[in-house]
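**Student:** Have a look at this one before I ask anything.
The values are calculated or read from the model by the stated rules, or taken from the named source; none is laboratory data. For clarity, every value in this text was computed on a predicted model and none was experimentally measured. Positions of Cβ are backbone-derived with ideal geometry, glycine not excepted, and every protein chain shown enters the neighbour counts. Protein only, heavy atoms only, side chains kept; ligands, DNA and RNA dropped before computing areas. Shrake-Rupley method; radii C 1.70, N 1.55, O 1.52, S 1.80 Å.
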Amino acid sequence: MVLSPVIGKLLHKRVVLASASPRRREILSHAGLRFEVVPSRFKEKLDKASFPTPYAYAIETAKQKALEVASRMHQKDLRAPDIVIGADTIVTVGGLILEKPVDKQDAYRMLSRLNGKEHSVFTGVAIVHCCTKDGQLDVEVSEFHEETAVKFSELSEELLWEYIDSGEPMDKAGGYGIQALGGMLVEYVRGDFLNVVGFPLNHFCKKLVELYYPPRREDVQRVKHDSIPPVDTFENLSDVEGGSSDPAQGNDGGGHGRTEGGGDTGQASADRRGPDSNGTVETPPPFPVGLLELIDGFKASKALFTACKLKVFDVLKDEAPLKAVDVAGKIDASVCGTERLLDVCAALGLLEKTDRGYRNTELTDLHLASDGEYSLHGLAMHNNDHFWNLFADLELAVREGADAAFGRKTADPVQSKPAKLQFMRAMHGLAKLTAHQVATAFDLSRFTLACDLGGCTGALARALTREYPRLKVTVFDLPEVIEHVTCFQPEGRQTERISYVPGDFFKDGLPEADLYILSRILHDWPDHKVRELLSRVSSSCKPGGGILVAEMVLEEKPAARGSLPASLNLLVRTQGRERSLPEYRRLLEQHGFCDVQLAHVGDGLDVILGTRASPA
Ligand SMILES: C[S@@+](CC[C@H](N)C(=O)[O-])C[C@H]1O[C@@H](n2cnc3c(N)ncnc32)[C@H](O)[C@@H]1O
């Protein structure tokens, strides 16, 4: 999602960040910018004394970093990126420039200088626009700086050393990182906080507005005349004249032109018109970045799925960067196809690309390699192999409704053994991420024997036994699922307090328990099946016993974005649906449960606890 339209202006360009700083990368990617990372090799050894101000030094360093990357990329590919962004952050105190400490003593010297005082953090930023003419690199540089004042509290020697020993100061300008432990040293910040983190995002966006949306000549004249300050915020782009303002290309072309007039004259977009006898030229509406992202969204998902399927993220896990040709060899694919896929993954922020090759990001290592503890590889594969095809029939499912779509389905592909394992992997990945939250949403310490109905791989059961030392848990699931649970136990270990019982919760007797759990079960079923299941649970549960339901509960306000795809999942795949709290409350109360409480545990999951009432 791109909130600032001016960031959207860069979406169709090849943008490179000439910095290895994970913090800059994070700030820019959170802003919706798509870019590659190519750390600069420029040696930061400019003579500080030769600059009139500290920020002039930071700007020049940023510029040299970006230029080095632009010219290296141009030499290598004979094609430079469209834009290279360079940045340099320095800390100044009492006229002295502090960069990154070289060792612990240096960090101590820096932090002692900052102790109890206010200092300035400057970031110089250079935006290098590149174009290649007759094989020659041509650049235009825009630059700016941002200053933020930061005050440290009076800190004891002990605290300073404790902080230094944490290792955090070593790669940070001034020897501290405000976004992590270093935040505890800071009494106040005056100015842009992100500038202290490493990148002045707000000023960057304003600069882009200046570059991509310069005011119209007539507006400038009128502003001068009326003495009204020019618009300088990037939030209000629809008030700014667009047109052929792209410095790199001169004209946006391809119908991607920008916003219409109006500005502070208060004219609305309704004033847009086509060419008429007065020669008024049609101005296109604002470029709908978010909409285009949605239109193209399936391609991004498919690229991720394909990279998972080809085990790209496994090949790159914990490895030094690999070139496309090496990855292609390892995944047995064409070099040109692999290179394109890797570039797309880099643009989606799933890989880092440097001149040494491609490597996983931390998030990719954690979630997209297939063997990680919190891997979502199985979920991606289940979406690729199962939901992808089902969603191809979405139109039909919408036309016919869930019942017809469900009845028309041929053999459930989830029944084959590999597909069953894949389904379990998908469930396991998700359940591991939410199990602790579900287990702790309410205090369950009064229960001694829980039964997790449809408990699948036992991920929630493990979180429950970890949390409640007295609790035993029976995982109850279909025989073909229980058959494979050992594949999901850490090092094949059985936890003594967890037992696995095969069975069908619609046909077989339910295991004895004082707490019945239904996590992501009820939404799979239509109302009459939910009633049938709840009445079986209700008959097995003694008065005072509990029922714990984990589901995405629909709210009265418009549905949260995350619940929408889930609701369509249910339409194409099952006869089930998501339900609201009043619906769950009614269902539970009708089946003899009282004192129904809800806890939002975040990430689109809610937990409901009810208590079995004594029969009247
Ligand atoms: C959507 S998964 C939820 C898994 C797990 N509870 C969770 O929260 O991740 C549904 C589970 O219910 C199981 N299941 C479906 N029908 C069942 C039935 N009739 N009897 C027992 N288990 C069933 C499936 O095998 C699957 O493990």
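**Student:** Would you check which residues across region 345-373 are touching a Ser or Thr at 6+ places or on another chain (Cβ under 9 Å), buried (at least 17 other Cβ atoms within 10 Å of the Cβ) and aliphatic (A, V, I, L, M) and list them?
**Tutor:** Leu350, Leu351, Leu368, Ala369
Residue-by-condition table, conditions (1) small (Gly, Ala, Ser); (2) surrounded by 19 or more Cβ atoms within 10 Å (Cβ to Cβ); (3) touching a strand residue (DSSP E or B) at 6+ places or on another chain (Cβ under 6 Å):
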| residue | (1), (2), (3) |
| --- | --- |
| Gly8 | yes, yes, no |
| Arg23 | no, yes, no |
| Phe35 | no, yes, yes |
| Ala58 | yes, yes, yes |
| Pro81 | no, yes, yes |
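**Student:** Further, regarding this structure: Checking Gly546 against (1) modelled with pLDDT of 95 or more; (2) within 15 Å of the ligand (Cβ to nearest atom); (3) open to solvent by less than 30 Å² (accessible area, probe 1.4 Å); (4) touching a strand residue (DSSP E or B) at 6+ places or on another chain (Cβ under 7 Å), which single condition isn't satisfied?
**Tutor:** Exception for Gly546: condition (2).
**Student:** Tell me the residue from Leu581, Leu554 that is at pLDDT below 95 and crowded, with 19+ Cβ neighbours inside 10 Å, please.
**Tutor:** The conditions single out Leu554.
**Student:** Exactly one of these conditions fails for Leu363: (1) in contact with a helix residue (DSSP H, G or I) (Cβ under 7 Å, 6 or more places away or on another chain); (2) under 30 Å from Leu10 (Cα atoms). Give me its number.
**Tutor:** (1)
**Student:** Taking Asp603, is it at pLDDT 80 or above, open to solvent by 20 Å² or more (accessible area, probe 1.4 Å) and at positive phi?
**Tutor:** So Asp603 does not fit the description; no.
**Student:** OK, next. Which of the residues that make up region 433-477 are among the charged types (D, E, K, R) and buried (at least 22 other Cβ atoms within 10 Å of the Cβ)?
**Tutor:** Asp452, Arg462, Asp477
**Student:** Mind listing whichever residues of region 423-432 are more than 8 Å from the ligand (Cβ to nearest atom) and open to solvent by 10 Å² or more (accessible area, probe 1.4 Å)?
**Tutor:** If the condition is that a residue be more than 8 Å from the ligand (Cβ to nearest atom) and open to solvent by 10 Å² or more (accessible area, probe 1.4 Å), then Arg425, Lys432 are the ones that fit.
**Student:** Hey, among the residues in region 520-541 that are more than 14 Å from the ligand (Cβ to nearest atom) and at pLDDT below 95, which one's most open to solvent (accessible area, probe 1.4 Å)?
**Tutor:** If we take residues in region 520-541 being more than 14 Å from the ligand (Cβ to nearest atom) and at pLDDT below 95, then His528 is most open to solvent (accessible area, probe 1.4 Å).
**Student:** Moving on to the next point. Please go through region 99-121 and give me each residue that is touching a residue at least 12 places away in the same chain (Cβ under 8 Å), open to solvent by 10 Å² or more (accessible area, probe 1.4 Å) and not in a loop (DSSP other than H, G, I, E, B), ordered by number.
**Tutor:** Selection gives Lys104, Asp106, Tyr108, Met110, Ser112, Arg113, Glu118, Ser120.
**Student:** A further question follows. Go through region 162-218 and count every residue that is under 25 Å from the mean Cα position of the chain (by Cα) and either at negative phi or open to solvent by 10 Å² or more (accessible area, probe 1.4 Å) (or both).
**Tutor:** Residues in region 162-218 being under 25 Å from the mean Cα position of the chain (by Cα) and either at negative phi or open to solvent by 10 Å² or more (accessible area, probe 1.4 Å) (or both): 25 in total.
**Student:** I'd like the full set of residues that are among the polar types (S, T, N, Q) and more than 14 Å from Val327 (Cβ to Cβ), limited to region 355-371.
**Tutor:** Taking region 355-371 as the starting set, the residues that turn out to be among the polar types (S, T, N, Q) are 360-361, 364, 370.
Correct list: Thr361, Ser370.
**Student:** Next up: Given (1) within 12 Å of the ligand (Cβ to nearest atom); (2) open to solvent by less than 20 Å² (accessible area, probe 1.4 Å); (3) farther than 22 Å from Gly610 by Cα, where does Ile517 come up short, assuming only one miss?
**Tutor:** Ile517 satisfies every listed condition except (3).
**Student:** Any residue at all in region 222-230 that's open to solvent by less than 30 Å² (accessible area, probe 1.4 Å) and modelled with pLDDT of 50 or more?
**Tutor:** Checking region 222-230: not a single residue is open to solvent by less than 30 Å² (accessible area, probe 1.4 Å) and modelled with pLDDT of 50 or more.
**Student:** Here's a check for you: in region 450-472, which residue that is more than 12 Å from the ligand (Cβ to nearest atom) and assigned to a strand (DSSP E or B) is farthest from the chain's Cα centre (by Cα)?
**Tutor:** So, considering only residues that are more than 12 Å from the ligand (Cβ to nearest atom) and assigned to a strand (DSSP E or B), the one farthest from the chain's Cα centre (by Cα) is Lys472.
**Student:** Report yes if some residue within region 130-146 is in contact with an Asp or Glu (Cβ under 6 Å, 6 or more places away or on another chain), open to solvent by 10 Å² or more (accessible area, probe 1.4 Å) and at pLDDT 95 or above; otherwise report no. Working first, answer last.
**Tutor:** Initially, region 130-146 is screened for residues in contact with an Asp or Glu (Cβ under 6 Å, 6 or more places away or on another chain), giving 131, 146.
Next, from what is left, pick out any that are open to solvent by 10 Å² or more (accessible area, probe 1.4 Å): 131, 146.
Those left that are additionally at pLDDT 95 or above: 146.
Yes: one or more hits.
**Student:** Any idea which of (1) within 15 Å of the ligand (Cβ to nearest atom); (2) open to solvent by 20 Å² or more (accessible area, probe 1.4 Å); (3) in contact with a Gly (Cβ under 9 Å, 6 or more places away or on another chain); (4) within 23 Å of Lys542 (Cβ to Cβ) is the one Gly503 doesn't satisfy?
**Tutor:** (2)
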